[in-house]
Amino acid sequence: MTEDIKDLQAQVRSLAAQLKRLSATPAEPTEATAGEAEEGTEPEEDGWQFPPFILLLYQPDYDEELRALAEWVEGVLVPGYLGEPSADTRWCHLWTEHPVAIARLHALWLAWQELTDPATCGYSGPSTWHRDHYDPCIRELRDPGGPFAGCTKGEHQVAHRQPTLVPSAWGHE
């Protein structure tokens, strides 16, 4: 229980920092950008442009990103969008054990972050998100032959191939 509370506190701190960063105007640089502004340096071209795709992350960044993704999936997606699972529309409450589901849901979440902000995409972003991202992603995940094919209400089976090493071209150091 204590670990759960500490995890929740860390998530709240992380979300507060993200909110502060996202809500800062150009006249109000965040702590992360203040040093760059003072030194007059540009972000590294070779470095990652965040947020990176979850499957390209290493520990502990992967775990942090998965926790944030789980908060969105369990707090927004599941209660707001997903109805009761059935044989035709499967869902696995242990979705974090399905690498394909993690990859698809993370991509869906990245698109949601971009397309639900009118400042970056206008007011038609949510419609685009539903049509181009949510509908195809959920169709694939909940398909009877999708990653949750072996999961039913009383049973859980992860029937996926084990991932191999990420090609070196994807790696970063």
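The values are calculated or read from the model by the stated rules, or taken from the named source; none is laboratory data. None of these values were measured; they are calculated from a predicted model. For accessibility, only protein heavy atoms count, side chains too; no ligands or nucleic acids. Shrake-Rupley method; radii C 1.70, N 1.55, O 1.52, S 1.80 Å.
Structure data summary
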{"item": "Solvent-accessible heavy-atom area per residue, rounded to whole Å², over the range 74-135 at 1.4 Å", "result": "54"}
{"item": "Length gained when the stretch T116-E84 is fully extended (0.36 nm per residue, less Cα-Cα span)", "result": "9.0 nm"}
